[in-house]
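What follows is a set of notes on a single structure, which appears directly below.
Please treat every number below as a calculation from the coordinates, not as lab data. Because the structure is a prediction, the values reported are computed rather than measured. Glycine gets a Cβ as well: all are built from the backbone with ideal geometry, and neighbour counts include every protein chain shown.
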Amino acid sequence: MNILSVKEALTADVPAGNALVRGWVRTRRDSKTFSFLEINDGSCLKNLQCVVDASCPGYALLKSATTGASVAVSGELVASQGKGQSRELRAASVEIIGVSPDSFPLQKKGHSVEFLRTIPHLRARTNRFGAMFRVRSRLAFAVHQFFQERGFAYVHTPIVTASDCEGAGELFRVTTLPADGAPKDADGNVDFSQDFFGRPAYLTVSGQLEAETLACALGKVYTFGPTFRAENSNTSRHASEFWMIEPEMAFCDVRGDIDVAEALIKYLVADILKNCPDEVEFFGKFVDKTLRERLEHVVEKPFVRVTYTEAVEILRASGEKFEFPIRWGDGLQSEHERFLTEKHFRAPVAVYDYPREAKPFYMRRNDDGKTVAATDLLVPGIGEIVGGSQREERPEKLLEAMREHGLSEKDYGWYLDLRRFGTVPHAGFGLGFERMLMFVTGEGNIRDVIPFPRTPGHA
Ligand code: 4AD
Ligand code: MG
């Protein structure tokens, strides 16, 4: 007996002998002498149609093969005469593995995504979420493939850390101290020396600082792991737990950094177009009509590069009414980013050389004294998808920046050591994996690209 997934069954050469297919019933249609069972097993978007004749063993039990029930059907796989499918299974036997009563919430098609968010444990059984999680899987694989093909080493940076990479204070604390009545020191402050790690510890917001240590040993590295931010932004593009891809490259400047980001994004988009065509078609039909066109455009066209200063001039000269009028020195708001990439350039844009004030301590100071070699990559529909920079490799400049940011030399001594011993220019960036998924599927809310979204108030 040949055990086949629905995907394998639909593309198998026929006659394929005796086949066994297992999955969940999407629909059942009965006529007098036979029934059609549409089953889906998550291996692809399509269902396999099974034709169950009244003479088939198990036919009497078929009335319990309702939507959502799990079944095993064996029989002969044949070319289908019907429209819309290439193969069908002529059942020789049907086994109901698990029934699914009428209370199964996914009875009819066309539930709102808002409703589906209330049943994250079941929503992967819909076309939309099944498609999403297959794309998610493929996209993760393509990330590794991109870096492995280019000689990057995959490194694992810690999830529990004592440092705040971005300096934004958006850390989740990791502690074993009791929630009420934590021990206090002589000054009445919480005594973290009695905590599990003997000091305050947090979930990481970024693996960058540790990745830098490995890049300054292995040359080219990347991390790909979960990161956590306790920022109270209730937007469609922020999650409290998200996955980030962070390459870090020794002997690389901010220009080289942007080149790698552009190559990565193009590679990922091309990979999904090639390997998930049914899913792209599905999202193009039901979620974002312009998806395929937009993705092909991204693969073909070079990305735009502008300095922050140029970007501010464009925004100020645009005549556009922004909620937050922009002045040199301000951070770019989402409305500014979207104007640049969606209306002005109509292409992905790398903005670089940002004002120093708004950026973390580790970014390399430019000769103008006012800006740092930072870059954000903006894409249509999303805004910022990548944030990165060249790192400050000069020990005295780094020390100065650390002092300005109130960071202790003792805590970051290891980070300074990278500059004391064989320092090199180096650069890297972070690509938000969920934002990339939103980009390749056209899905508008980050809550719908990750199986179990964590956002403020929701875990
Ligand atoms: O711009 P960010 O904060 O950069 C860093 O953390 C650097 N340390 C990365 C580096 O240079 N190695 O974050 C990088 C990217 C953003 O551009 C965005 O795509 C994503 O991570 N991101 C989020 N995605 C979902 N939810 C959030 N709350 C996110 N915050 C950042
Ligand atoms: Mg950023």
task = Scan the range 407-416 for residues that are without any contact (Cβ under 8 Å) to a residue 60 or more places away in the chain, loosely packed, with under 14 Cβ neighbours inside 10 Å and touching a helix residue (DSSP H, G or I) at 6+ places or on another chain (Cβ under 9 Å) and jot them down.
result = 408, 409
request  = Could you grab the pairs with beta carbons closer than 7 Å, sequence gap of 6+ or different chains, first residue in the range 380-406 and assigned to a strand (DSSP E or B), second one within 16 Å of ligand 2 (Cβ to nearest atom) and of a type in the set (Asp, Glu)?
outcome  = 383/337; 384/337; 384/376; 386/376; 387/376; 388/257; 390/257
message = List pairs: first residue in the range 44-69 and closer than 24 Å to residue 127 by Cα, second residue of a type in the set (Ser, Thr, Tyr) and in a loop (DSSP other than H, G, I, E, B) anywhere in the structure, Cβ distance under 8 angstrom, at least six positions apart or on different chains.
response = 44/5; 49/80; 66/100; 67/100; 68/100; 69/100
message = Step by step: first the residues of the range 251-264, then only those that are aliphatic (A, V, I, L, M) and surrounded by fewer than 23 Cβ atoms within 10 Å (Cβ to Cβ), then the one that is farthest from ligand 1 (Cβ to nearest atom). Which residue is that?
response = 263
request  = Pull up the range 225-250, narrow it to residues that are among the aliphatic types (A, V, I, L, M), part of a strand (DSSP E or B) and within 10 Å of ligand 1 (Cβ to nearest atom), then point me to the one that is nearest to residue 146 (Cα to Cα).
outcome  = 245
message = All but one of (1) within 15 Å of ligand 1 (Cβ to nearest atom); (2) in contact (Cβ under 8 Å) with a residue 24 or more places away in the chain hold for residue 151; state the number of the condition that does not hold.
response = (1)
request  = Within the range 405-453, track down each residue that is of a type in the set (Lys, Arg) and farther than 30 Å from residue 273 by Cβ.
outcome  = 410, 419, 420
task = Output the number of residues of the range 185-216 satisfying the condition of being part of a loop (DSSP other than H, G, I, E, B), of a type in the set (S, T, N, Q) and under 29 Å from the mean Cα position of the chain (by Cα).
result = 2
remark   = A careful count of residues in the range 367-379 that are within 12 Å of ligand 1 (Cβ to nearest atom) and touching a residue at least 60 places away in the same chain (Cβ under 8 Å) gives 5
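Residue by residue, here is whether (1) touching a strand residue (DSSP E or B) at 6+ places or on another chain (Cβ under 8 Å); (2) part of a helix (DSSP H, G or I); (3) of a type in the set (A, V, I, L, M, F, W, C); (4) more than 23 Å from residue 390 (Cβ to Cβ) holds:
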residue	(1), (2), (3), (4)
409	no, no, no, no
414	no, yes, yes, no
419	no, yes, no, no
431	yes, no, yes, no
435	yes, yes, no, no
444	no, no, no, yes
447	yes, yes, no, yes
Residue count, the range 384-433 (criterion: closer than 26 Å to residue 235 by Cα, of a type outside the set (Val, Ile, Thr) and touching a Leu at 6+ places or on another chain (Cβ under 9 Å)) = 6
Neighbours by Cβ (under 8 Å, 6+ apart or cross-chain): first from the range 184-196, without any contact (Cβ under 8 Å) to a residue 60 or more places away in the chain and farther than 16 Å from residue 174 by Cβ; second among the β-branched types (Val, Ile, Thr) and outside any loop (DSSP other than H, G, I, E, B) = 184/190
